[in-house]
1. Would you confirm, using the coordinates I've provided, whether Glu295 is of a type outside the set (Val, Ile, Thr), within 16 Å of the ligand (Cβ to nearest atom), more than 27 Å from Leu148 (Cβ to Cβ) and surrounded by 15 or more Cβ atoms within 10 Å (Cβ to Cβ)?
2. Note down all Cβ pairs under 6 Å where the first residue falls in segment 359-382 and is away from the ligand (no atom under 12 Å from the Cβ), the second is among the polar types (S, T, N, Q), and they're at least six residues apart or on different chains.
3. Return yes or no: is Ala429 open to solvent by less than 70 Å² (accessible area, probe 1.4 Å), among the small types (Gly, Ala, Ser) and either within 30 Å of Ser111 (Cβ to Cβ) or modelled with pLDDT of 95 or more (or both)?
4. Can you go through Thr244, Thr212 and tell me which one is among the hydroxyl-bearing types (Ser, Thr, Tyr) and surrounded by 15 or more Cβ atoms within 10 Å (Cβ to Cβ)?
5. Looking at segment 85-168, what strands (runs of 3 or more DSSP E) fall wholly within it and have at least 1 residues that are outside the structural domain of His271 (by TED's automatic domain parsing) and more than 16 Å from the ligand (Cβ to nearest atom)?
6. Of all residues in segment 393-412 being open to solvent by less than 30 Å² (accessible area, probe 1.4 Å) and more than 32 Å from the chain's Cα centre (by Cα), which is nearest to Val85 (Cα to Cα)?
7. Give the residue that is surrounded by the most Cβ atoms within 10 Å (Cβ to Cβ), with candidates limited to residues of segment 215-232 that are more than 15 Å from the ligand (Cβ to nearest atom) and over 23 Å from Ile168 (Cβ atoms).
8. Any chance segment 203-224 includes a residue that's in a strand (DSSP E or B) and either in contact (Cβ under 8 Å) with a residue 24 or more places away in the chain or not assigned by TED's automatic domain parsing to the domain that holds Lys64 (or both)?
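The values are calculated or read from the model by the stated rules, or taken from the named source; none is laboratory data. Every value quoted in this text rests on a predicted model; they were computed, and no experiment measured them. As a convention, Cβ positions derive from the backbone with ideal geometry for all residues, glycine included, and neighbour counts pool all protein chains shown. What goes into the accessible areas is simple: the full protein's heavy atoms, side chains included, and nothing from ligands, DNA or RNA. Shrake-Rupley method; radii C 1.70, N 1.55, O 1.52, S 1.80 Å.
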Amino acid sequence: MTQTYIPERPLRVAVIGSGPSGIFATEALLKQTDLPAQVDVYDRLPTPYGLVRYGVAPDHLTIKSVTRGFEKTLGDPRVRFLGNVEFGTDLTHEDALTHYDAVLYTVGASSDRRLGIPGEDLTGSMSATEFVAWYNGHPDAAAREMVLSASGVAVVGVGNVALDVSRILVKTAQELHESDIAAHALTALDASHVQDVWVLGRRGPAQAAFTTKELREFGELHAAEPVVKPEEIALSEAEEAAITDNTKKKNVEVLRDFASREAEGKARRVHLRFLVSPVEILDDGQGRVGGLKVERNRLDENGNAVGTGEFEVLPVQMVLRSVGYRGVALPGVPFDEKRGVIANDEGRVVGRVGEYTAGWIKRGPSGVVGTNRKDATDTVAHLLADAKDGKLPGAAHPTREAVDALLRGKGVQVYSFHDWQVLDAHELAEGQAQGRPRAKVVHRDLMLGHRKG
Ligand code: NAP
């Protein structure tokens, strides 16, 4: 029988993951007026907003202001936030299908890509993702001891994440005080010995993935200055003419400006290097990073990096690989291992009815926060079309009460939107008392202690 959706029996949707794509999908479901809809937004963490809270750099506060709109969405009476609920255990795939007409996976890309070179597992070599999680106070990384005894750090990759981690490594405690960086990271970074950071692009300046605004920031730091080798950013007339992308053109201009500057003698330097590939992370003899061997590259006719057989060793004691995020499979959901995304056709999970996906776990880790609005809206359009065409199987237990009973029965401590608002107010007040934008609570148990009375 085809399900008809009426206010007493609305279309019930579970959104798995409360990052930008999950919230934008929820917003799209609320904005449409064709079908009455009710949305439960789940997150494995007590806190909502995913990468906006735990991925966006702590000193990029304006990007985080997107949460004002997110609050409106989660505060809508048609929506519930169910934090601290893990998909796969607390809410299984089968549970989701029996309680909702449609399930929309928006879990992002929580893992990272590896370099595949010797020495990658030495102490002091890690993914930028781990480092970002640590300084942003992600509860899974809160217990990590990070001693920043390195004077030299290599950051592999030239995307915006590479620039984020490099900038955080060279900012002063005073600069970081104005950010919402986690207190443990602020303390460790204040005591850090970092003097030189090498940001390594395997191709040329015209192929770098970062954006110009983020690049320019290196020219405006209190105690650090950018260093660029003119020969590494030199372009032939043909190469110059081949740059059609405006951002890439502006990147090259900024890099030329950096290369032409006299050294200012600041205490820290960020070396923006191009046409070099890491080939081995060297052992200091005690299982720690003792250097990074890189090979000089040239570009072939297709714009790919090709090794020249010329090597150099960078004096680093820490290596952060920042070569892209990677999605992780969800239990019971088809996964495309090669691409690291949920197997999908324009957001419809392949071989499934009533299951959808949006954001990085749908298309891979690209674009800025706002890119996910259109991506999520596109998926929701398919979901709504299927609902209207009577293609959804219809949930067996389509009520909030049934969901509550299920989770209660499993002993899950659901963290609601009102609970989050209590924690949010606490973090803002604590931050204000310290002259900072926010003081993050990082331990899950402590978060769960802040609840609506
Ligand atoms: P990204 O933009 O895809 O950059 C990845 C970088 O890694 C590229 O430079 C790539 O070079 C390089 N790379 C890949 N494999 C490599 C290898 N084996 N050896 C050396 N280099 C390698 O990824 P991301 O920096 O993780 O950022 C993810 C997304 O989030 C991007 O869309 C980014 O713009 C966005 N983001 C935005 C902001 C912001 O707006 N402020 C901040 C952070 C992130 P090739 O081009 O040669 O492959």
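1. Working: of a type outside the set (Val, Ile, Thr): yes; within 16 Å of the ligand (Cβ to nearest atom): yes; more than 27 Å from Leu148 (Cβ to Cβ): yes; surrounded by 15 or more Cβ atoms within 10 Å (Cβ to Cβ): yes.
For Glu295, the condition - of a type outside the set (Val, Ile, Thr), within 16 Å of the ligand (Cβ to nearest atom), more than 27 Å from Leu148 (Cβ to Cβ) and surrounded by 15 or more Cβ atoms within 10 Å (Cβ to Cβ) - is met.
2. Lys362/Asn344; Ala376/Ser21
3. Working: open to solvent by less than 70 Å² (accessible area, probe 1.4 Å): yes; among the small types (Gly, Ala, Ser): yes; either within 30 Å of Ser111 (Cβ to Cβ) or modelled with pLDDT of 95 or more (or both): yes.
It is true that Ala429 is open to solvent by less than 70 Å² (accessible area, probe 1.4 Å), among the small types (Gly, Ala, Ser) and either within 30 Å of Ser111 (Cβ to Cβ) or modelled with pLDDT of 95 or more (or both).
4. Values: Thr244 fails: surrounded by 15 or more Cβ atoms within 10 Å (Cβ to Cβ).
Every option except Thr212 fails the conditions.
5. On the way: elements: 102-105, 125-127, 152-156.
It comes to 102-105.
6. As a first pass, look at segment 393-412 and keep what is open to solvent by less than 30 Å² (accessible area, probe 1.4 Å): 394-395, 402-403, 407, 412.
Then drop every residue that is not more than 32 Å from the chain's Cα centre (by Cα), which leaves 394-395, 402.
Numbers: Gly394: 23, Ala395: 20, Ala402: 15 Å.
Selected residue: Ala402.
7. Looking at the filtered set, the residue picked out is Lys229.
8. Initially, segment 203-224 is screened for residues in a strand (DSSP E or B), giving 224.
Now narrow it down to the ones that are either in contact (Cβ under 8 Å) with a residue 24 or more places away in the chain or not assigned by TED's automatic domain parsing to the domain that holds Lys64 (or both): 224.
So far as segment 203-224 goes, yes, one or more of its residues are in a strand (DSSP E or B) and either in contact (Cβ under 8 Å) with a residue 24 or more places away in the chain or not assigned by TED's automatic domain parsing to the domain that holds Lys64 (or both).
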